[in-house]
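Data block below; observations after.
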Amino acid sequence: MIPTLDIDPFCQAFFDDPFPAHAAMREAGPVVFLPAYGVHAVARYDDVRAMLLDWGAFSSARGVGLSDFAKEKPWRLPSLLLETDPPLHDRTRGLMDKVLSPAAVRALRASFTTAAEALVDELLAREAFDAIADLAEAYPLSVFPDAVGMPPENRRFLLPYGNMVFNSFGPRNDFFQAAVADAEPVLAWVVAQSKRSALAPTGFGAVIHAAADEGIVTEAEAEVLVRSLLTAGVDTTVNGLGAALYCLARFPGEFQRLRADPSLARAAFEEAVRLESPVQTFFRTTTRDVAIGDETLPEGSKVLMFLGAANRDPRRWDRPDDYDITRKNAGHVGFGSGIHGCVGAVLARLEGEAVLTALARRAAAIEVDGEPKRRYNNTLRGLSSLPVRLRAA
Ligand code: OVV
């Protein structure tokens, strides 16, 4: 018997404090049933990881949200990366692996570092500011669109767009409806920005479109792949940086350890991605009858993977709720794992390293200076506001 749990993972009370429900799901068994949405769910580390790796049994092509593309028309043109299986996924992911290769990202290191130092200096001069709006949002918006090759106007439009798409993986609840209303005015702009003519002759966008000349993808496919960058490249890093700042402000001992050795910046960012898991959940759909533990799920079952619960599973992690910047956290699933593992992780880590290195070198302390406000999203975990005080070293 698969345990049934009365948990709604897409409501405000859950977002405010998901941890008791995460524990209840992990403790109930390897797989549970959530009647609120008629879906199964997996929250233990070993089972989440096994699902991420078994793309043959757990498909992404029927959508990685609650909606099953075999039963409902996709609400937007499906992503050629996120919402595909091999063999199509091999071709598109192969291209994006090249576009976002370590060598391509290394070329951005100097400019990303300079931008982080300049922003941190400006914030040190202000002393008190909002760590979300003024740093976690401002920094990615100052570097990522340039790397893509976007024009300088209207870059903030990427935030409501990403917020809408990440809400769309959940139910059609009030969070989703509000996000759609918010993003409606920028939809045409995002489509227009994906076109070859809108993009600079250098940058990730141009490299994707150049692959159309070589026949690797069609021009239409290139536009949808650029759309993936614009959708998944900003909100994710905003919430990753926000998580790191929130961790460092709540664990001052860890900030002092980082100051003592700024080369820990990358590790400090990675540990924040484990602990806060900015991307909390994705679904898969079973392609056949599949066993999880002693239970068998029928073909066509939607299964929700709780990445955030896996990343705090006490079966896998000692002191799972502690932020420890020297923890051996390899294997965390904050960036997913397997063939759909985050293609932009190299870029996210560079952004995290640049910002945290600048803070480690220039700041003496970062302190919470007002009530943090949670941001509610069906997929993303983070804050909408984090008032802080930054003291200069
Ligand atoms: C990982 C992710 C999130 C949202 C959108 C996409 C990817 C996309 O490929 O469009």
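At-a-glance table
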item	result
Failed criterion for GLN280 (all others in (1) within 16 Å of the ligand (Cβ to nearest atom); (2) farther than 22 Å from LEU383 by Cβ; (3) touching a Lys or Arg at 6+ places or on another chain (Cβ under 6 Å) hold)	(2)
Single match in PHE144, PHE176 (criterion: within 19 Å of SER79 (Cβ to Cβ), within 16 Å of the ligand (Cβ to nearest atom) and open to solvent by 10 Å² or more (accessible area, probe 1.4 Å))	PHE176
Meets criteria (hydrophobic (A, V, I, L, M, F, W, C), within 16 Å of the ligand (Cβ to nearest atom) and more than 26 Å from GLY352 (Cβ to Cβ)) for LEU82	no
Any chance GLY65 is modelled with pLDDT of 95 or more and buried (at least 22 other Cβ atoms within 10 Å of the Cβ)	yes
Candidate set: region 338-348, residues that are within 13 Å of the ligand (Cβ to nearest atom) and small (Gly, Ala, Ser); chosen: the one surrounded by the fewest Cβ atoms within 10 Å (Cβ to Cβ)	GLY341
Region 78-94 residues that are open to solvent by 40 Å² or more (accessible area, probe 1.4 Å), paired with ones that are aromatic (Phe, Trp, Tyr) (beta carbon under 9 Å, 6 or more apart)	PRO78/PHE69; LEU82/PHE282
One residue from VAL105, VAL120 being within 23 Å of GLY331 (Cβ to Cβ) and more than 16 Å from the ligand (Cβ to nearest atom)	VAL105
Residue count, region 305-331 (criterion: surrounded by fewer than 23 Cβ atoms within 10 Å (Cβ to Cβ) and either out of contact with any Pro (no Cβ under 8 Å at 6 or more places or on another chain) or of a type in the set (A, V, I, L, M, F, W, C) (or both))	15
Enumeration of residues in region 6-29 that are part of a loop (DSSP other than H, G, I, E, B) and crowded, with 18+ Cβ neighbours inside 10 Å	ILE7, PRO9, PHE10, PRO18, GLY29
Lone qualifier among ALA211, ALA291, ALA200 - being farther than 25 Å from GLY370 by Cβ, part of a helix (DSSP H, G or I) and hydrophobic (A, V, I, L, M, F, W, C)	ALA211
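Matching residues to (1) touching a Pro at 6+ places or on another chain (Cβ under 9 Å); (2) closer than 26 Å to ALA138 by Cα; (3) among the charged types (D, E, K, R):
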position: GLU254; (1), (2), (3): no, yes, yes
position: ARG259; (1), (2), (3): no, yes, yes
position: ARG284; (1), (2), (3): no, no, yes
position: VAL303; (1), (2), (3): no, no, no
position: PHE335; (1), (2), (3): no, yes, no
position: VAL346; (1), (2), (3): yes, yes, no
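The values are calculated or read from the model by the stated rules, or taken from the named source; none is laboratory data. Just so it is clear, the model here is predicted, and its values are computed rather than measured. Here the Cβ is made from the backbone with ideal geometry for all residues, glycine too, and neighbour counts use every protein chain on show. We work out accessible area using only protein heavy atoms, side chains counted, and drop any ligands, DNA or RNA first. Shrake-Rupley method; radii C 1.70, N 1.55, O 1.52, S 1.80 Å.
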